[in-house]
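Following: one structure in structure tokens, then a few remarks.
The values are calculated or read from the model by the stated rules, or taken from the named source; none is laboratory data. Owing to the predicted nature of the structure, the values given are computational and were not obtained by experimental measurement. Neighbour counts run over all protein chains shown; Cβ positions are idealised from the backbone, glycine included. Surface accessibility is based on the protein's heavy atoms, side chains included, excluding ligands, DNA and RNA. Shrake-Rupley method; radii C 1.70, N 1.55, O 1.52, S 1.80 Å.
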Amino acid sequence: MSSTTRLHIKDIFPNPNQPRKDFDPVKLEELSLSIKEYGVRQPILVTPRDGRYMIVAGERRYRASLLAGLVEMPAVIDEMTDALVEELALLENIQRQDLNVIEIALAYKGLMDRGWTTEKLAQKMGFKQAWRIDEKICLLNLTEDNRRLVGDGTLSNAQAQEMARVNPDKQDTVKRKILSGELSIYNKLRAFVDGLLLLENQESIFVLQTVTEEERQSIDRVKMLLNTVERLVSEASPSVLKKAAYHSSITPERIDLIINHLMKLRKIALSGEAIKAAASVA
């Protein structure tokens with residue numbers, strides 16, 4: 001049974017197992033100024049422990065109240081087990097708006113370690129797809145240094161997701177290319193990481209490097225065809241292209257079909273280029 005009261009601030013202490021360790025000092029100062037003027041508008045949640053009260057939710061308000069010089073503050077007292085305290089603390093942190101993806105991933109993992117399934121957690125977070133939970137947890141594959149770069153915004157979430165796909169010993173290779181601007185386009189980044197992953201399978205690389213005479217002839221035909229298409233399209237004037245469309249079977253549908261084939265070819269070419277680049281730094 002919970003009850004709301006005012007507690008002496010000296011009788012309150014933070015949860016030592018609080019998942020969140022860092023609190024923005026500027027935002028804390030701003031909150032403390034607001035508390036000085038308006039007071040604590042929302043009570044914190046605490047539970048009795050050894051004659052005092054441990055914070056379950058609201059540590060930021062507690063810290064700001066200390067800065068504001070408050071002697072007491074409003075609190076909701078509720079009897080809770082240690083397991084429930086940990087679960088609620090994790091959920092409170094996940095639902096904050098200013099968490100970075102690494103902090104969210106750690107909170108997700110904390111709940112998963114307590115027996116939550118990805119489906120249950122996804123439902124709790126309002127996600128329709130359970131893979132969105134796994135996607136975040138995979139970020140914990142990043143090294144501590146790379147986690148910090150995600151936390152401070154140096155690396156974007158998408159870049160972090162790609163880096164987390166490779167082993168820690170390859171992550172700095174990806175990071176250097178991201179920070180140098182070589183992999184600023186996501187598709188290039190994705191393809192480069194795919195290349196690194198393929199390099200782990202030496203048999204796959206051997207298959208790519210081995211070309212039969214028949215395959216060599218096909219490669220030459222593809223190169224010749226691409227050169228011809230590039231030359232025809234770049235050199236033809238708009239009036240000639242319009243007349244070609246009028247007097248022949250060139251239709252938007254055929255153009256779309258060709259574009260689709262070229263996009264597939266582009267994706268394959270990008271992958272091959274990435275594997276070659278990955279091999280040069282491996």
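Could you list, in sequence order, the residues of the range 1-11 that are touching a Phe, Trp or Tyr at 6+ places or on another chain (Cβ under 7 Å) and open to solvent by less than 40 Å² (accessible area, probe 1.4 Å)?
If we filter the range 1-11 for residues that are touching a Phe, Trp or Tyr at 6+ places or on another chain (Cβ under 7 Å), which is where we start, we get 7, 11.
Within the range 1-11, L7 is the sole residue that qualifies.
Scan (1) over 21 Å from T118 (Cβ atoms); (2) part of a loop (DSSP other than H, G, I, E, B); (3) in contact (Cβ under 8 Å) with a residue 12 or more places away in the chain for the single condition G181 breaks and write down its number.
(3)
If Q129 meets every condition in (1) open to solvent by less than 20 Å² (accessible area, probe 1.4 Å); (2) under 18 Å from the mean Cα position of the chain (by Cα) apart from one, which number is that one?
(1)
Contact list please: Cβ distance under 8 Å, first residue in the range 1-23 and over 26 Å from D152 (Cβ atoms) and at pLDDT below 90, second residue among the β-branched types (V, I, T) and open to solvent by less than 60 Å² (accessible area, probe 1.4 Å), pairs at least six apart or on different chains.
Listed by first residue and then by second, the contacts come to S2/V76; S2/I77; S3/V76; S3/I77; T4/V76; T4/I77.
Just checking, which of S156, S184, S204 is in contact with a helix residue (DSSP H, G or I) (Cβ under 9 Å, 6 or more places away or on another chain), open to solvent by 20 Å² or more (accessible area, probe 1.4 Å) and at pLDDT below 85? Give the steps one after another, and end with the answer.
Numbers: S156 fails: at pLDDT below 85; S184 fails: at pLDDT below 85.
Step by step, each of S156, S184, S204 is checked, and only S204 is in contact with a helix residue (DSSP H, G or I) (Cβ under 9 Å, 6 or more places away or on another chain), open to solvent by 20 Å² or more (accessible area, probe 1.4 Å) and at pLDDT below 85.
Report yes if some residue within the range 119-128 is among the aromatic types (F, W, Y), at pLDDT 85 or above and assigned to a helix (DSSP H, G or I); otherwise report no.
If we filter the range 119-128 for residues that are among the aromatic types (F, W, Y), which is where we start, we get 127.
Checking which are at pLDDT 85 or above leaves us with 127.
If we keep only those that are assigned to a helix (DSSP H, G or I) as well, we get none.
No, because not a single residue in the range 119-128 is among the aromatic types (F, W, Y), at pLDDT 85 or above and assigned to a helix (DSSP H, G or I).
With the condition kept exactly as written, say whether any residue in the range 69-83 is under 29 Å from the mean Cα position of the chain (by Cα) and either surrounded by fewer than 18 Cβ atoms within 10 Å (Cβ to Cβ) or farther than 18 Å from L99 by Cα (or both). Steps first, answer last, please.
So in the range 69-83, the residues under 29 Å from the mean Cα position of the chain (by Cα) come out as 83.
Then drop every residue that is not either surrounded by fewer than 18 Cβ atoms within 10 Å (Cβ to Cβ) or farther than 18 Å from L99 by Cα (or both), which leaves 83.
Checked the range 69-83: at least one residue is under 29 Å from the mean Cα position of the chain (by Cα) and either surrounded by fewer than 18 Cβ atoms within 10 Å (Cβ to Cβ) or farther than 18 Å from L99 by Cα (or both).
Just the residues that are under 15 Å from R6 (Cβ atoms) and open to solvent by 80 Å² or more (accessible area, probe 1.4 Å), please, taken from the range 36-51.
Just the residues of the range 36-51 that are under 15 Å from R6 (Cβ atoms), to begin with: 39-46.
Correct list: R41, Q42.
Out of everything in the range 146-176 that is in a loop (DSSP other than H, G, I, E, B) and among the hydrophobic types (A, V, I, L, M, F, W, C), what residue ends up being farthest from L199 (Cα to Cα)?
L155
Conditions: (1) modelled with pLDDT of 80 or more; (2) closer than 25 Å to D194 by Cβ. S271 meets all but one. Number of the miss?
Unmet condition: (1).
How do the pairs read when you match residues in the range 24-44 that are closer than 13 Å to R63 by Cβ with residues anywhere that are open to solvent by 90 Å² or more (accessible area, probe 1.4 Å), using Cβ under 7 Å and keeping only pairs 6 or more apart or on different chains?
Short answer, once both residue conditions are applied: L28/L67; E29/L67; S32/L67.
Of the residues P25, P14, only one is open to solvent by 40 Å² or more (accessible area, probe 1.4 Å), closer than 30 Å to L111 by Cα and touching a Lys or Arg at 6+ places or on another chain (Cβ under 9 Å); which?
Numbers: P25 fails: touching a Lys or Arg at 6+ places or on another chain (Cβ under 9 Å).
None of the other options fit; the residue is P14.
Which ranges mark the helices (runs of 4 or more DSSP H) fully within the range 1-105 that have 2 or more residues being closer than 25 Å to G126 by Cα and out of contact with any Pro (no Cβ under 7 Å at 6 or more places or on another chain)? Explain how you work it out, then say what you get.
Details: elements: 25-38, 59-68, 82-94.
Helices (runs of 4 or more DSSP H) meeting the threshold: 82-94.
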